[in-house]
1. Tell me whether the range 20-30 contains one or more residues that are free of Cβ contacts under 8 Å to residues at least 40 places away in the same chain, aliphatic (A, V, I, L, M) and touching a strand residue (DSSP E or B) at 6+ places or on another chain (Cβ under 8 Å).
2. Would you check if residue 51 is more than 11 Å from the chain's Cα centre (by Cα) and of a type in the set (Ser, Thr, Tyr)?
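Rule-based calculations on the coordinates, nothing more; no lab input. Note that the coordinates shown come from a computational prediction; the quantities given were computed from them, not determined experimentally. Every residue, glycine as well, gets a Cβ built from its backbone with ideal geometry; the counts of neighbours run over all protein chains shown.
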Amino acid sequence: MSQIDENLHRILKDHGLTEYEIKTYLKLVFDGPATPYEISESVTIPYARVYGTLEGLEKRKWIRNEGRWSNTSASG
């Protein structure tokens, strides 16, 4: 992991994000909108945990759900 990646990871962790939330959020920021399946496959989060992870991020306004989790993007 590069120094920038480590710093970004630490900052997100300091804001209270879990490891799964950090991976998910960064996936959406860098790659754009994605489905839960795409997120699961891309950042190796168990598919069963993706929805809870997305709901946690949405509840804290880090992401927005664009319709039944079919297409999710980072808030901006």
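1. The answer is no; no qualifying residue exists.
2. No; evaluated as a whole, the condition is false for this residue.
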